[in-house]
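One structure is given here, and the rest of the page talks about it.
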Amino acid sequence: MKVAIVCDSSTGRTRAAAEEMAQVARAAGHECTVRPVQDADPAEVGAADALCVGSWCKGLFFVRQHATPATMDFIDSLDELSGKPAAVFCTYKTAVGGMLSKMAARLESRGADVTGSFKSRGPYAAAGFKGWVESLGMRNPFATGVGGVLSADIAVPDHERELGFYAKVLTTGNAPLWRDDLTNNQGTPVIGLGARSPEYEALPLQWMPHFQVADVAHSAARALELGGKEIMHGKGDDGQSQWAVLVDHNGAAFGVIPVVPDESIAADESEHVGSIAWLTLTVTDVLSTRDFYQQVVGWSATPADVEGGYEMRRPDGVSSAEICHARSDKEGIPPVWILSLPVNDFEESLRRVREGGGEVVKESTDRTYAVIRDPVGVCLALQAKK
Ligand SMILES: Cc1cc2nc3c(=O)[nH]c(=O)nc-3n(C[C@H](O)[C@H](O)[C@H](O)COP(=O)(O)O)c2cc1C
C-alpha cells in the first residue's frame, strides 16, 4: 500500500520520528513518503492508501496543548477521504492533553477512518506504530470482535454425501488443515454442515457466515429498514436477542451473533489451521450493498484493488470481506457470501471436487484460489495455504 506521512516539525524531532516511521512502514512492505505540512500536496496525500499526520506538541507544557495551526490547516485542505485508514502522531516533552484526539476528529471530519494514535517523547517511532502499519491492507476475517467471522453454517439435502465430499476435499496434503469430521486440525468447529430437516426449510441453500455484531437486535432492525429480511431470530427467556439469520436485498444470507469472548486465536497458529480465510460477495449494486453491511454489521468500507469493489474492515483496520462488482469475469458466481476455506494441497482438493461430483466454477490464473460448486449446487471457494 502507499502510505503518506505528513508532519510539522519546528526543531526536527517530529520530522526525525516521521522518517523512522517511514522505515517501519517500508519494512512492512509499504511504499511511504514523508513531507512537511508546509510543502505537502493535499491531492498527493489524499491519493495514498493510508495517511499519517503528525505535529509537535505546542502548549504551556502541562495545559492547552494543541497541534500546530499549519497541521490543522493541512488537514482542512484535504479532499473527502472516504473511509481511508489514517493515524495521528506527535512528539512531546511532558503531556499532550487532548491534541491527538482533536487531530483525529479533524481528520474524521474529512472522512478518514482514524485507527491509530501515537505519541513519542523523542525523535523516534512510537511502539504501537509498527502494529498499525502492519495491519494496513491485512485480510483476515477470522477474529473475535465486531465484524470478525469465526464460523459459518448450512443445512443441506443429501447430507451424508455432502459430509463425505467436504471431508475429502478439505483434508488434502501431508499436513491437512481440516479433520474428517470437518473441524479444523485443532478440533475447532468452524463450519457447520447440518442436515436439511423441516425446521430449517426456510433457510436458503447457501453457506451463511456468522458476523459478530455489537447488538443483534439493532442489526436485525437495520437490515429490515434497509430492504433485507429476517428468517430466524433466536431470543433468550428474557426476550433478549441472541442471534438472527438475515438476508440482504441481493438474497445473500448471513447470521449475526454477539461478539465472541476473546479466547485468543494465536495469530501464528491461525496460519496453520482450517479457518475462514476470506469472504466475497459479488453483486450488481455494490454501493447499496456496501452501505447495508456498514450499517448492519458495523464494518467500514475502503475501495478494493479490484475495480468498483470494497473491502469491509473491522474497527482494528483489518479487512474481513470484500464486496465485488458482478462482471463478465464473475459469471456463474451467485450473489451469496462465498467463504474461502484454505487447504493444504490445492490441486489435489480441486481434483477431489471433480471426482466427488462437484464443479470448479472459476479458478484464479495463479492457481491459488477457485470458486467451486458442491454436489448439491452450493458455491464456496478453496484457497491454497499460504
Ligand atoms: C513553544 C513550545 C511549547 C511547547 N509546549 C509543550 C507542551 O505543552 N507539552 C509538551 O509535552 N511539550 C511541549 N513542547 C515541547 C515540544 O513539543 C517537543 O520538544 C517536540 O518534540 C518538538 O518537536 P520538533 O522538534 O519537531 O519541533 C513545547 C515546545 C515549544 C517550543
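Taking segment 341-369 as the range and being under 19 Å from residue 282 (Cα atoms) and either surrounded by 20 or more Cβ atoms within 10 Å (Cβ to Cβ) or among the aromatic types (Phe, Trp, Tyr) (or both) as the test, the residues that pass are 341, 369.
Which one is farthest from the ligand (Cβ to nearest atom) among residues in segment 115-135 that are surrounded by 18 or more Cβ atoms within 10 Å (Cβ to Cβ) and not small (Gly, Ala, Ser)? My answer is 115.
Of all residues in segment 175-220, those satisfying the criterion of being of a type in the set (Phe, Trp, Tyr) and in contact (Cβ under 8 Å) with a residue 60 or more places away in the chain are 178, 207, 211. Inspect segment 269-279 for any residue being outside any helix (DSSP H, G or I), modelled with pLDDT of 85 or more and either outside the structural domain of residue 180 (by TED's automatic domain parsing) or of a type in the set (Ser, Thr, Tyr) (or both) and give the result as yes or no. Yes, because at least one residue in segment 269-279 is outside any helix (DSSP H, G or I), modelled with pLDDT of 85 or more and either outside the structural domain of residue 180 (by TED's automatic domain parsing) or of a type in the set (Ser, Thr, Tyr) (or both). Checked across segment 19-33, the condition of being on the phi < 0 side of the Ramachandran plot, within 16 Å of the ligand (Cβ to nearest atom) and touching a Ser or Thr at 6+ places or on another chain (Cβ under 6 Å) holds for no residue. Among residues of segment 59-98 being of a type in the set (Val, Ile, Thr) and in contact with a helix residue (DSSP H, G or I) (Cβ under 8 Å, 6 or more places away or on another chain), the one that is nearest to the ligand (Cβ to nearest atom) is 91. Taking into account only those residues within segment 189-223 that are assigned to a strand (DSSP E or B) and either outside the structural domain of residue 156 (by TED's automatic domain parsing) or of a type in the set (Val, Ile, Thr) (or both), which is surrounded by the fewest Cβ atoms within 10 Å (Cβ to Cβ)? Among them, the one singled out is 191. Which of the residues spanning segment 316-374 are in contact (Cβ under 8 Å) with a residue 60 or more places away in the chain, touching a Cys at 6+ places or on another chain (Cβ under 9 Å) and not in a strand (DSSP E or B)? Correct list: 334, 336. Residue check: residue 52 meets all listed conditions (1) within 9 Å of the ligand (Cβ to nearest atom); (2) in contact with a Phe, Trp or Tyr (Cβ under 8 Å, 6 or more places away or on another chain) but one, namely (1).
Answer yes or no as to whether residue 33 is out of contact with any strand residue (DSSP E or B) (no Cβ under 6 Å at 6 or more places or on another chain) and in the same structural domain as residue 79 (by TED's automatic domain parsing).
Details: out of contact with any strand residue (DSSP E or B) (no Cβ under 6 Å at 6 or more places or on another chain): no; in the same structural domain as residue 79 (by TED's automatic domain parsing): yes.
In short, no.
On the given criteria, is residue 45 of a type outside the set (Asp, Glu), more than 15 Å from the ligand (Cβ to nearest atom), in the same structural domain as residue 12 (by TED's automatic domain parsing) and touching a Ser or Thr at 6+ places or on another chain (Cβ under 9 Å)? Explain how you work it out, then say what you get.
Details: of a type outside the set (Asp, Glu): yes; more than 15 Å from the ligand (Cβ to nearest atom): yes; in the same structural domain as residue 12 (by TED's automatic domain parsing): yes; touching a Ser or Thr at 6+ places or on another chain (Cβ under 9 Å): yes.
So residue 45 passes the test.
Taking segment 39-53 as the range and being closer than 17 Å to residue 17 by Cβ and over 26 Å from the mean Cα position of the chain (by Cα) as the test, only 40 passes. Based on this model, can you work out whether residue 141 counts as within 30 Å of residue 197 (Cα to Cα) and at pLDDT below 95? So residue 141 fits the description; yes.
The values are calculated or read from the model by the stated rules, or taken from the named source; none is laboratory data. What you see is a predicted model, and the numbers here were worked out from it, not measured in a lab. Cβ coordinates were reconstructed from backbone atoms using ideal geometry, including for glycine residues, and neighbour counts include every protein chain displayed.
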